[in-house]
Amino acid sequence: MTERRPPPDAADLTVYYDGGCPLCRAEIGHYRKSRGAERLAFVDVSGEGAALGPDLDRASALRRFHVRGRDQKLTDGAAAFARLWLALPGWRWLGRLLSLRVFGRRLLLVPAEAAYRLSLPLRPFLARTLRRLRLI
């Protein structure tokens with residue numbers, strides 16, 4: 001059976017990910033199987049010529065996780081994960097948690113972004129370790 005996905009301009013959310021990163025590929029594979037993922041477009045930015053849209057170049061897309069909504073707003077990092085999770089019913093609780101506002105600020109997004117930034121340089125090590133453990 002062929003996987004059917006809307007084109008980026010018709011999707012509720014477009015998810016840009018590094019398909020050259022085994023860890024990223026495994027995580028996106030998990031989201032692709034989630035309920036609600038049929039409304040999302042997934043764009044692998046690891047190859048030349050990926051359709052990135054305005055305000056996003058390939059180098060930036062490879063450095064950080066990005067999503068773009070129908071409103072064309074581009075979001076990156078932990079906030080992008082929150083936006084992705086809000087779009088997937090099984091993950092919505094986590095997206096809501098990260099988006100929870102206290103005194104007008106999304107307080108949980110600050111430590112989530114810090115954790116995300118700390119994880120970026122560890123991606124190759126994590127991928128090798130998970131591959132050795134046969135988890136990806």
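Read-outs throughout are calculated quantities, based only on the coordinates presented, and are distinct from any laboratory measurement. Worth saying up front: this structure is predicted, and the values here are computed from it rather than measured. In this analysis, Cβ positions are derived from the backbone assuming ideal geometry, glycine residues included, and neighbour counts consider all displayed protein chains.
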Problem - Charge tally in the Cβ shell below 13 Å around Glu48, where Lys, Arg are +1 and Asp, Glu are -1, Glu48 excluded - result: -1
Completion exercise
Charge tally for neighbours of Leu135 with beta carbon under 12 Å away, counting Lys, Arg as +1 and Asp, Glu as -1, is +3
Practice task
Would you work out which of Gly49, Leu133, Leu86 lies farthest towards the positive end of the dipole of the chain, given +1 charges on the beta-carbon of Lys and Arg and -1 on that of Asp and Glu, about the Cα centre?
Solution key: Leu133
Problem - Qualifying trypsin sites (Lys or Arg not before Pro) in region 49-136, DSSP loop, other Cβ atoms within 10 Å at most 12 - result: Arg70, Lys73, Arg101, Arg134
Completion exercise
With +1 at each Lys and Arg Cβ and -1 at each Asp and Glu Cβ, the charge dipole magnitude of the chain around its Cα centre, to the nearest 20 debye, comes out at 580 debye
Exercise for the section: Give the longest segment of the chain that steers clear of GluC sites (Glu not before Pro) in DSSP loops with at most 16 neighbouring Cβ atoms within 10 Å, not counting the sites themselves. Expected result: 49-136
Fill in the blank from the handout: region 55-84 and region 102-136 have their Cα centres apart by a whole-number Å value of 16 Å
Practice task
Once you've got the GNM for the chain with C-alpha springs shorter than 10 Å, pick whichever of Gly90, Gly29, Gly49 has the biggest mean-square fluctuation.
Solution key: Gly49
Exercise for the section: Subtracting the Cα-Cα distance from 0.36 nm times the residue separation, let me have the gained length for Ala51 to Leu100 in nm, one decimal. Expected result: 14.5 nm
Practice task
Give me the distance in nm between label points sitting 7 Å out from Cα along the Cα-to-Cβ direction at Glu27 and Asp71, one decimal.
Solution key: 2.3 nm
